[in-house]
Amino acid sequence: MKKSKSSVREPTRDRLSELPDSLILKILGLLPMKDFVRTSILSKRWENLWATIPCLNFDYLTREISPERVRNIVNGVLRFWRGTKIVKFKIHLSSEIVESLVSDIDVWLRFAKENEVEVLCVDLMNSDGIYCVPQFLFSSCPSLKVLVLRGCSLCVPENVQWNNLRSLTIDGYRLTPHLMAKVLSGSPQLEVFILHVMESGENLRIQSSSLKMLCIEKFVYGDDGESSMDKGYAGDGPSMNTELAICTPNLGTLELSGISYSKCSLLNVSSLTHATIGFYGDDLFTGTDVHEETLRQIFPTIQHVESVTLSDCCIKVLGAMEKKHLLSPLPNVKFLKLNGILSEGEEIAGLLEIFPELKMLVIEDEDDERCEYHHRESLVFERNLPKSFLLQLRTVEVTWCWHEGDNSIFPFIQFLLKYASKLEKMVFRLKGIMPPEQQPEYWFWGSQKVLKMPKSSRTADIIFREY
């Protein structure tokens, strides 16, 4: 019996192979190199395609692989590579094998530089600075636009020639002010600078007319080798006595986090629109004069910003300062994000007074099991609020990290609904702390409780969404 045309099964089309080489290379360049090389067995067309890839991604974090194996793989790929230039070169190694590959990394980086690399990432986190960035990388490299250095140590020459560098990330070791000055002076086009720096006991100055985004996180190491980022506190030593000065007239975004400075001078930040102040500390440091003095110096210099993000530690200190009438309003802030604990609702409520033009409030509730949850039915707030309080607020988004028995969110939500008379939308997102099977039941209970709360805005939509 003759089969009809409709019953004949057409061969499956290989849509991926139909794409042009340039697009295939761009897609597969996101894979680790060992996976991309395996594509050579797919067909004749794919046999040598991997050797022209512009993105070389060597990612070897597993402890099972030996330094010899990594050396053979990387050297083999570079030996057969036939591309025209390297757009991105990334080497990501576990700390266990870095010491055995120091001289090899030098060779690999020289290969990347000689092939006009544009994006270079050397990620050796937790390797204690065993690897020192080679001197040739600081010399003329006109193609280099993005540089990421993690876990490396630096010996910066007098003449840094990163003339076309646009983005620089330095993470995980001591960087003295002298080295910093040489890096910045040798990067005249630098627009993004992300610095995670271990405390050196010296004052830090950032001066650049090209920077548009600056992120600084300061941390210290304790005697046990743990960083303050892991522990969540400042520790002893010189960290609370160092000073930070920033002179960046074209800076649009500033993020300061980690351990605070004893003095923070924003000398010229006239273009600043987004500010994140994320200092942290445990009970020993929260509310100390150091935090208060630092924040007292920062806030008068950011009166013109439109967006502010604050950490839990800053919320507590600023809330206490507002009670003492030590803060001036920030009249231009339209967007405010608070990374805090909702049980501290009174501090947050008081802090909102200094943002008279606030339109959007985002709260990321921290997953802090140390917090003692309060079963208050309402927020105790005895201040005389101005008529303009929360008058411009239109949107509230709350991400809540719920624990069993924690009802601390409700008094603050009730407070917002009471005073935000023009509110249009309030969105809740629940992080998955409880078992999944219990979430629908709790969502129903929580939503009913919120929907029954009195609200001054009759048009406000209350929305519950999964995180």
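Brief remarks on what is shown
- Centroid-to-centroid separation of the stretch 114-161 and the stretch 246-282 [C-alpha atoms, Å]: 26 Å
- Residues in the stretch 450-466 carry Karplus couplings, in order, of 6, 5, 7, 6, x, 9, 7, 9, 6, 9, 6, 8, 9, 10, 10, 9, 6 Hz; the curve used is 6.51 cos²θ - 1.76 cosθ + 1.60 with θ = phi - 60°, and Gly or Pro positions show x.
- Exposure rank, largest accessible area first [Cys313, Cys155; 1.4 Å]: Cys155, Cys313
- Cα-centred dipole magnitude for the stretch 135-195, charges only on beta-carbon of K, R (+1) and D, E (-1), debye, nearest 20: 80 debye
- Each principal axis of the Cα cloud of the stretch 84-185 was taken in turn, and the coordinate range along them, longest first, works out to 38, 34, 19 Å.
- Segments 294-304, 257-267 sorted - mean Cβ within 10 Å per residue, highest first: 257-267, 294-304
- The stretch 156-195 shape via C-alpha gyration tensor axes, a/c threshold 1.5: oblate
- Across the stretch 210-216, coupling constants 3J(HN,Hα) worked out from phi with the 6.51/-1.76/1.60 Karplus curve, θ = phi - 60°, read 9, 4, 10, 9, 9, 10, 10 Hz, and Gly and Pro carry x.
- Rounded Å value of the spacing that divides the Cα centres of the stretch 300-329 and the stretch 167-197: 28 Å
- For the listed peptides 126-132, 441-447, a ranking on the average number of other beta carbons within 10 Å per residue, highest first, reads 126-132, 441-447.
- For the set Lys334/Lys418; Lys359/Lys431; Lys145/Lys316, the pairs lying more than 29 angstrom apart at their alpha carbons are Lys145/Lys316.
- Solvent-accessible ranking of Ser66, Ser311, largest area first, probe 1.4 Å: Ser66, Ser311
- Built amide H within the under 5 Å cut-off of Val362, gap 5+: Leu336, Lys337, Leu338, Glu397
- Amide hydrogen neighbours beyond the local backbone of Asn241, cut-off 5 Å, H modeled: Ser262
- Phi-based couplings in Hz for the stretch 127-140 (Karplus 6.51, -1.76, 1.60; Gly and Pro marked x): 9, 6, x, 4, 8, 9, 4, x, 4, 5, 6, 8, 7, 3
- Overall form of the stretch 55-128 per C-alpha gyration tensor (a/c, 1.5; a/b vs b/c): prolate
- Accessible area per residue, Å², the stretch 113-202 with all protein chains present, probe 1.4 Å: 38 Å²
The values are calculated or read from the model by the stated rules, or taken from the named source; none is laboratory data. All values reported here derive from a predicted model rather than from experimental measurement. Cβ atoms come from the backbone with ideal geometry, glycine included; neighbour counts cover every protein chain shown. Ligands, DNA and RNA are stripped out before the accessible areas are found, and what is left, the full protein with its side chains, is counted by its heavy atoms. Shrake-Rupley method; radii C 1.70, N 1.55, O 1.52, S 1.80 Å.
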